[in-house]
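What follows is one structure encoded as structure tokens, with my remarks underneath.
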Amino acid sequence: MVAAHRMSAIHPTAIVDPKARIAEGAEIGPYCVVGPDVELAQGVKLLSHVVMAGRTRVGPRTRIFPFASVGHPPQDLKYKGESSTLVIGADTTIREHVTINPGTEGGGMQTVVGDRCLLMVGSHVAHDCKLGNDVIMANNATLGGHVIVGDFAILGGLCAIHQFVRIGRHAMVGGMSGVENDVIPYGSVMGDRARLGGLNLIGIKRRGFSRDDVHALRTAYRLLFAQEGTLLERIADVARLFSASEPVQDIIDFIKADSQRAICQPRPGNPA
């Protein structure tokens, strides 16, 4: 990373602060605005009309499309101008009108978007969110503050995720869903107030999970959300029965972890 803008392609209409750190090979298109604390790695491309502010770092080869707003102050009344950060990984695509805010003092001071993510038109990543790798947010998907999204999760268009919710790895959130509780890894949820509808079997198969893994996940899911016994008893039974299954243990660890939200459950009478 170099502070000077030599060897990078900057359109003459772009406004780039001399203090911004622009790597060799980065491209900044027409009418972009880049603030003094922004860092763009090698191969980053701002197509046009992108506005970047704050202590924002963008990884190699990430592309940002027109009218995206990246790194501006959080929409949080408790934010008092603290020098929080936004980190975006490599090979991520940020489409038109996406908004991403940095962290706050109350949430660890950092917002993170992982590698190879796709943030479609109009999606929003609020302060202190943590997105893993290969996450897809469809058009106008919205994250409240402090949301954690695991690797390979898919968030459908126009869905809204409540503050502090966790979305597990390989989970699927249906379009127009309102999610106020944690979604287990490999789970699939949908609804005005989203309920667990089963496993994201299509996504699991597309990711190349073995037949044994899929069978273990389906059996464990039915046991976890059965009506018999308490949830703690069912968790203990599943952990013991599937001790050799890494995907099932992912779900067990997720449920056991500390959280400010409950676990999203199936609708009554439809546990699996």
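The values are calculated or read from the model by the stated rules, or taken from the named source; none is laboratory data. Only a predicted model underlies this, so the values are computations on that prediction, with no experimental measurement involved. No Cβ is skipped: glycine too gets one built from the backbone with ideal geometry, and neighbour counts run over all protein chains shown.
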**Fill in**
Taking the range 40-49 and keeping only residues that are out of contact with any Asp or Glu (no Cβ under 7 Å at 6 or more places or on another chain) and not in a strand (DSSP E or B), one is left with 41, 43, 44, 47, 48, 49
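Here is a yes/no grid of residues against (1) under 21 Å from the mean Cα position of the chain (by Cα); (2) basic (Lys, Arg); (3) within 26 Å of residue 156 (Cα to Cα):
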position	(1), (2), (3)
192	yes, no, yes
201	yes, no, yes
210	no, no, yes
218	no, yes, yes
222	no, yes, yes
248	no, no, yes
259	yes, no, yes
**Prompt:** Can you tell me how many residues in the range 51-78 are under 10 Å from residue 102 (Cβ atoms), crowded, with 19+ Cβ neighbours inside 10 Å and not charged (D, E, K, R)?
**Reply:** 6
**Message:** I'm trying to understand the selection: among the residues of the range 96-122, which are out of contact with any Lys or Arg (no Cβ under 9 Å at 6 or more places or on another chain) and over 16 Å from residue 144 (Cα atoms)?
**Reply:** 96, 97, 115, 116, 117
**Message:** For the range 138-158: of the residues being of a type in the set (A, V, I, L, M, F, W, C) and in a loop (DSSP other than H, G, I, E, B), which is surrounded by the most Cβ atoms within 10 Å (Cβ to Cβ)?
**Reply:** 153
**Prompt:** So is residue 161 crowded, with 23+ Cβ neighbours inside 10 Å, farther than 21 Å from residue 225 by Cα and without any contact (Cβ under 8 Å) to a residue 60 or more places away in the chain or not?
**Reply:** yes
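Residue-wise test of (1) in contact (Cβ under 8 Å) with a residue 12 or more places away in the chain; (2) in contact with a Leu (Cβ under 8 Å, 6 or more places away or on another chain); (3) within 28 Å of residue 143 (Cα to Cα).
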{"residue": "188", "(1), (2), (3)": "yes, yes, yes"}
{"residue": "205", "(1), (2), (3)": "no, no, yes"}
{"residue": "227", "(1), (2), (3)": "yes, no, no"}
{"residue": "235", "(1), (2), (3)": "yes, yes, no"}
{"residue": "244", "(1), (2), (3)": "no, no, no"}
**Item:** Qualifying residue in the range 81-88 (condition: at pLDDT 95 or above and in contact with a helix residue (DSSP H, G or I) (Cβ under 9 Å, 6 or more places away or on another chain))
**Value:** yes
**Asked** Where residues in the range 17-39 are charged (D, E, K, R) and not in a loop (DSSP other than H, G, I, E, B), which of them is farthest from residue 57 (Cα to Cα)?
**Response** 27
**Item:** So residue 106, is it at negative phi and either modelled with pLDDT of 95 or more or outside any strand (DSSP E or B) (or both)
**Value:** yes
**Request:** Name the residue, out of 115, 76, that is among the acidic types (Asp, Glu), in a loop (DSSP other than H, G, I, E, B) and without any contact (Cβ under 8 Å) to a residue 60 or more places away in the chain.
**Result:** 115
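Okay, residues lined up against (1) among the β-branched types (Val, Ile, Thr); (2) closer than 24 Å to residue 33 by Cβ:
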position: 77; (1), (2): no, no
position: 102; (1), (2): no, yes
position: 112; (1), (2): yes, yes
position: 119; (1), (2): no, yes
position: 135; (1), (2): yes, no
position: 156; (1), (2): no, no
position: 164; (1), (2): no, no
position: 170; (1), (2): no, no
**Message:** Here is a check on your reading of the model: is residue 234 farther than 20 Å from residue 147 by Cβ and either more than 23 Å from the chain's Cα centre (by Cα) or crowded, with 16+ Cβ neighbours inside 10 Å (or both)?
**Reply:** yes
**Odd one out for residue 169, checked against (1) basic (Lys, Arg); (2) over 30 Å from residue 68 (Cα atoms); (3) surrounded by 16 or more Cβ atoms within 10 Å (Cβ to Cβ)** = (2)
**Message:** Here are the criteria: (1) closer than 25 Å to residue 133 by Cβ; (2) surrounded by fewer than 19 Cβ atoms within 10 Å (Cβ to Cβ). Tell me which single one residue 178 does not satisfy.
**Reply:** (1)
**Request:** Check residue 189 against each of (1) in the same structural domain as residue 74 (by TED's automatic domain parsing); (2) under 21 Å from residue 257 (Cβ atoms); (3) touching a Ser or Thr at 6+ places or on another chain (Cβ under 9 Å) and name the one condition it does not meet.
**Result:** (1)
